[in-house]
Amino acid sequence: MNPFTWWVWGRFVVAICLSCAALGAQSARDQERENRYLEELRALRPELTDVFKRANDALDSNNVAEAISLYRQVYAGAPSFEPGMRRLGSALVYSGNRDEGLRLCRKAVELHRSSANLATLAYALAGGHSLSASSDDKREALRLLGECRVSPEGADADELTLAAQLAYGLDANDEYERSVEELTRRFPESVGAHYFAAIRAAMGEQWIRAEREIKNAGKAGLPAETVEKFLASGIRSRAFGWKLAWGGGLAFAAWILGLVLLLGIGYLLSRATLRSTENADPNLPITENERRIRRLYRVVLNAAGVYYYISLPVVLVMVLAACGGIVFFFLAIGWVPIKLTILLVIGAVVTIVAMVRSLFVKVSSEDPGRELRRAEAPALWQLVDEVARDVGTRPVDGIQITPGTDLAVYEKGSWREKMQDRATRILILGAGIMNGFEIAQFRSVLAHEYGHFSHRDTAGGDVALRVRNDMIKFYYAMVHSGQASYFNLAFHFLRIYHYIFRRISHGATRLQEVLADRVAAQTYGPTAFAGGLQHVVRRAIEFDRWANLEIDQVIKAKAPLVRLYDAADCDGTLVQKDFETAMNRPTTPDDTHPSPADRLRLVSAVRATPKNSESGEVWSLFAEPDAIKREMLARVEMQIAQFRK
């Protein structure tokens, strides 16, 4: 037996006995049996029936002295009346007159070895109120209760409880198990059944069950102070600890399941998108199935965004638990590496601070380039407005010119303005993309960008954008503080969640690109779109290769940058090789756009009548293209100036 078990026996065996009818009297008497007793007494001495009832009431009210006086009257007038005899004996034992009380109880058993007589003598032998009898008396009481159990009348819950208590104290394990088993089987909701279930649970260190069972015993009648003492012995604190552990474990498992579910949904949506785009009629702007998938993506992306913020408290607890667990391990083994412990604590604190700061530090958003005024490129603005009319959507409100090969659109404004299509529409146009860009091809690519507007791709996604920005801020904060390591749980969470979120968001954007491609091909024909896409891919490769080469040379020579937008010296063989690789590669889950080959294949069956378009390159649409190039060169020059020092 563990120390707790001995403590339970020594502290509570008296309390549980008091909760039962230790005197042979019951808090709620069996009225049918009491009526039989009264009929029996009425046949012997009818004038004593009222005295017997008053004696029972006095005993039930714990007025033992009055009960003894009244029972003596009954016994004197009807000495063969067993209920009066044994109840007088039981009351005498309770009052301290044990010898006389036992004599009367034994006499009742000699007259009739009924279950009631046997049980009353057993209670008296066991010590009555205090259960302070000798071991021999307790063994005799246990034998009597065993006989009571197998008698025709059987033992009630109180008698089985006392038998279990006595057997427990006498190490009579077989009798103990039999008594508890019968008590649990016949009286599962009794005080004793719950009480012994609580002890069993405590012995097995099943603290939550022990707490539950002792509380059930209290509901069944165990005194509240006894329940409280039992719980205060360590059961409550241990049960709370295990509840916390189980609750935390279940919450952690549910959190992991949520991550897996998000990843699975993203995978299924990606597969559904692939099937839908392959089977869709390319001559329709959007099919009903594609519309449903878009709605699903919007819901899942928002859910994934919210889940990121739900996950942060979980990660915080994980970091604290890991740090605390390691420190506790050091304490348990009796060896605490001070420096390592300090580093662990500092790392946990820094990680938590970085996590919290990532939610509240605001990053000011800036336009990617500088605004291109209408006077600087009136023909370009006219073309941009014409394409909007051809697509059937509102034209852009501004053009941002950049030094690179950018070509994209976005919206500026509040969430409400975007939802009401009142936000400012911006076209990003890179100077590096325009060399050799035919106007007919540019129209088609521009129609693709307007397709995003017409499908309202740029109107939503605020939650996804915020989550992406917060993850980036969290990552940079961890890198800056030196916590972006494989030993940091928060860093692993960030990597895993970024992977999941990327899978979902990139699947959504791939569908958006396919639909925007379809708009371009339906408006200006698949041939024009194919030419525009090929130019964008080739020019991005060519410009990046040339820019890297040129910038590296001017930094080494400490010379000014003058030929960034002139790729005449770029190795055409290498460019062609990279171009063919880019055009023919397969689409991967990490792609925000389908591969160029897939994009061209999906629009190849579009039936559209090509519109007449003026010849020439996009630079011809600018009033002073050389001035724009010089300005963009100056911007790049400012960025690389620091490397010349």
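Nothing in this text is a laboratory measurement; each read-out follows from the coordinates by a stated rule. A quick note: this is a predicted structure, and the numbers were derived from the prediction, not measured. Note: ideal-geometry Cβ built from the backbone for every residue, glycine included; neighbour counts use all protein chains shown.
Brief remarks follow.
- Cα Rg, Dmax (largest Cα-Cα span) when computed across the stretch 59-166, Å: 13.0, 37
- Folded to 0 to 90 degrees: helix 191-203 orientation relative to the chain principal axis, Cα: 60
- Radius 14 Å from Cβ of SER604, net charge of other residues (Lys, Arg +1; Asp, Glu -1): 0
- The value of relative contact order for the stretch 271-416, using C-alpha pairs under 8 Å at least six residues apart, is 15 percent.
- Shown here: Rg and Dmax of the Cα atoms in Å, derived from the displayed model; of the candidates (i) 44.3, 133; (ii) 24.6, 85; (iii) 28.0, 92, it corresponds to (i).
- Helix 64-77 and the longest principal axis of the C-alpha atoms of the chain enclose an angle of approximately 40°.
- In a DSSP loop and with at most 16 other Cβ atoms within 10 Å, the GluC sites (Glu not before Pro) in the stretch 603-642 are GLU614.
- Nearby aspartates and glutamates by direct alpha-carbon distance to LYS577 (threshold 12 angstrom, same-chain neighbours under 8 apart not counted): GLU542
- FRET E, pair GLU32, MET203, Förster distance 25 Å, beta-carbon r, rounded to 0.05: 0.05
- Taking a straight Cα-Cα cut-off under 26 Å and skipping sequence neighbours fewer than 8 places away in the same chain, the lysines within cross-link reach of LYS556 are LYS629, LYS645.
- Relative packing of peptides 156-163, 406-413, 371-378 - highest average C-beta neighbours within 10 Å first: 156-163, 406-413, 371-378
- For the chain, the Cβ-based charge dipole about the Cα centre amounts to some 680 debye (Lys, Arg positive; Asp, Glu negative; other atoms uncharged).
- Between the residues PRO586, GLY531, ILE541, the greatest Cα displacement towards the positive end of the dipole of the stretch 485-602, with unit charges on the Cβ of Lys, Arg, Asp and Glu, is found for PRO586.
- DSSP bridge orientation in the chain - percent antiparallel, rounded to nearest 5: 65
- Each peptide in 550-559, 194-203 gets a packing score, the mean of other Cβ atoms within 10 Å over its residues, and the list from highest to lowest is 194-203, 550-559.
- For the stretch 67-188, a crude dipole built from +1 on the beta carbon of Lys and Arg and -1 on the beta carbon of Asp and Glu, taken about the Cα centre, is about 440 debye to the nearest 20.
- Relative contact order of the chain, pairs being alpha-carbon contacts under 8 Å that are 6 or more residues apart, as %: 11
- As a rough guide to protection, the peptides 165-173, 431-439, 418-426 ranked by mean Cβ packing within 10 Å, highest first, stand as 431-439, 165-173, 418-426.
- Extension gain from ARG389 to PHE240, taking 0.36 nm per residue of separation minus the Cα-Cα distance: 46.8 nm
- Cβ charges +1 (Lys, Arg) and -1 (Asp, Glu), total dipole of the stretch 339-426, debye: 520
- Legend: ranking of residues SER95, SER115 from fewest to most surrounding C-beta atoms inside 10 Å; resulting order SER95, SER115.
- Pairs exceeding a 22 Å alpha-carbon distance, out of LYS418/LYS611; LYS107/LYS138; LYS362/LYS412: LYS418/LYS611.
- Whole-Å semi-axes of the ellipsoid equivalent to the stretch 359-506 (Cα gyration tensor, √5λ, descending): 35, 17, 15
- Other residues whose C-beta falls under 11 angstrom from the C-beta of ARG394 contribute a net charge of -1, scoring Lys and Arg +1 and Asp and Glu -1.
- Cβ-based net charge around TYR475, under 14 Å, with every Lys or Arg adding one and every Asp or Glu removing one: +4
- Computing FRET efficiency as 1/(1 + (r/R0)^6) for LYS558 and SER620, where r is the C-beta to C-beta distance and R0 is 35 Å, gives about 0.50.
- Residue among LEU170, GLY325, ALA108 farthest towards the positive dipole end of the chain, charges placed on Cβ: GLY325
- In degrees, nearest ten, helix 572-584 long axis to first principal axis of the chain (Cα): 40
- Percent RCO, i.e. relative contact order, over the stretch 556-629, from Cα pairs under 8 Å lying at least 6 residues apart: 18
- Cut-off under 5 Å, modelled amide H: who pairs with THR402 long-range: LEU429, GLY430, ALA431
- Each stretch of four or more DSSP H residues adds -39500 (n - 2.57); spread over every residue of the chain, this sum gives -23500 deg cm²/dmol at 222 nm.
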